[in-house]
Amino acid sequence: LLYGRTEYREVLEFAASLRATGERSDSPRAVAFAATVAGEAHLLSGDLDAAFDELREGVDLHHQIGANAGEALSLQRLAEVHLERGENDEALRLLDLALPLARWSALAHHLIQRIYGTMIRATSDADQARMLVDQAAEALGPSDDCIFCAVMIAVPSAIACARVGDVEAAQQHLFVAEMSTTAWHGTAWPGAVAEAKAHIAAAEGRNDDAGDLFAEAVDLFNRAGQPLDAQRCRARSAV
């Protein structure tokens, strides 16, 4: 739903329906999941205030029923809200809470990669972000691998490496991101890959290519209905 061809308006309608059913059936897990899905849809479609409210509730509801995976996911998405607001320290604090919950959940192989990916994005110091790329690689074992989720850490890793001029490592992470993207259909991930390619082109001094790739990422993100990602790339394409 979130990364397919479904419009976010429809995802929000689904979440509302799921919540209503969960409340009628006295199913707190369904209500908690519905809050998190709604928060994710609001986040990706650019409504940060609504995303914050839904995801904060998702964190609380999942915590109340001891659902570690749901709580970890809600914390990771809530961290993304803070990251979009420029509140990187708070984002990192929430991710530190999410990581152990994810590690000991049944969905660790889906959650660990995205949590580390968001950590890398939230680390504003370029050298520290590059170090975190290696730390994440060391922390991730074979059981943490998911071809679908790999793009969620590979793209930020490629960008972090490119930011410090480590083009060889950036290209390696880009390869993983491209392989992961082929597993998806009709999503915004090609936009994320284009953004990573743009950073690599900039690191190589190919500024015209970088501008074109950032512009391509803007178009792909806009098609996917993700305005915040498009806005970030638009700002870079104009530099």
Any hit, the stretch 188-201, residues being hydrophobic (A, V, I, L, M, F, W, C), over 19 Å from the mean Cα position of the chain (by Cα) and either farther than 17 Å from LEU44 by Cβ or open to solvent by less than 40 Å² (accessible area, probe 1.4 Å) (or both): yes
Quick check on my filter: what residues within the stretch 37-47 are acidic (Asp, Glu) and assigned to a helix (DSSP H, G or I)? GLU40
Restricting to the stretch 27-36, name every residue that is assigned to a helix (DSSP H, G or I) and either open to solvent by 10 Å² or more (accessible area, probe 1.4 Å) or at positive phi (or both). PRO28, ARG29, ALA30, VAL31, PHE33
Within the group LEU78, LEU83, which residue is open to solvent by 10 Å² or more (accessible area, probe 1.4 Å), part of a helix (DSSP H, G or I), in contact with a Lys or Arg (Cβ under 7 Å, 6 or more places away or on another chain) and at pLDDT 95 or above? LEU83
When only residues in the stretch 155-186 that are surrounded by 18 or more Cβ atoms within 10 Å (Cβ to Cβ) and of a type in the set (Ser, Thr, Tyr) count, which is nearest to TYR3 (Cα to Cα)? THR181
Scanning the stretch 101-139 residue by residue, those among the hydrophobic types (A, V, I, L, M, F, W, C) and more than 16 Å from ALA79 (Cα to Cα) turn out to be TRP104, ALA106, LEU107, ALA108, ALA126, ALA129, MET131, LEU132, VAL133, ALA136, ALA137, ALA139
Odd one out for ASP49 among (1) closer than 23 Å to ARG9 by Cβ; (2) open to solvent by 20 Å² or more (accessible area, probe 1.4 Å); (3) touching a residue at least 24 places away in the same chain (Cβ under 8 Å): (3)
Report the residue count in the stretch 105-151 for those that are buried (at least 24 other Cβ atoms within 10 Å of the Cβ) and in contact with a Lys or Arg (Cβ under 7 Å, 6 or more places away or on another chain). 1
Just for the stretch 1-26: of the residues that are farther than 19 Å from LEU73 by Cα and assigned to a loop (DSSP other than H, G, I, E, B), which one is least open to solvent (accessible area, probe 1.4 Å)? THR6
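Residue-by-condition table, conditions (1) more than 14 Å from the chain's Cα centre (by Cα); (2) over 20 Å from ARG19 (Cα atoms); (3) not acidic (Asp, Glu):
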| site | (1), (2), (3) |
| --- | --- |
| GLY39 | no, no, yes |
| ALA69 | yes, no, yes |
| ALA79 | no, yes, yes |
| GLY86 | yes, yes, yes |
| ASP89 | yes, yes, no |
| LEU101 | yes, yes, yes |
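Listed here are the residues, each with its yes/no results for (1) free of Cβ contacts under 8 Å to residues at least 12 places away in the same chain; (2) hydroxyl-bearing (Ser, Thr, Tyr); (3) closer than 18 Å to CYS233 by Cα.
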| position | (1), (2), (3) |
| --- | --- |
| ARG130 | no, no, no |
| SER143 | no, yes, no |
| VAL151 | no, no, yes |
| ALA154 | no, no, yes |
| ALA162 | no, no, yes |
| GLY165 | no, no, no |
| GLN171 | no, no, no |
Tell me, which helices (runs of 4 or more DSSP H) lie completely within the stretch 165-239 with 3 or more residues that are in contact with a Gly (Cβ under 9 Å, 6 or more places away or on another chain)? 189-203, 207-224, 227-237
Being at pLDDT 95 or above and over 30 Å from SER124 (Cα atoms) narrows it down to one residue among ALA32, ALA72, ALA38; which is it? ALA32
Among the residues of the stretch 100-116, is there at least one that is on the phi > 0 side of the Ramachandran plot and of a type outside the set (Val, Ile, Thr)? no
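The values are calculated or read from the model by the stated rules, or taken from the named source; none is laboratory data. A quick note: this is a predicted structure, and the numbers were derived from the prediction, not measured. Cβ coordinates were reconstructed from backbone atoms using ideal geometry, including for glycine residues, and neighbour counts include every protein chain displayed. Please note that ligands, DNA and RNA were not included when accessible areas were found on the heavy atoms of the full protein model with its side chains. Shrake-Rupley method; radii C 1.70, N 1.55, O 1.52, S 1.80 Å.
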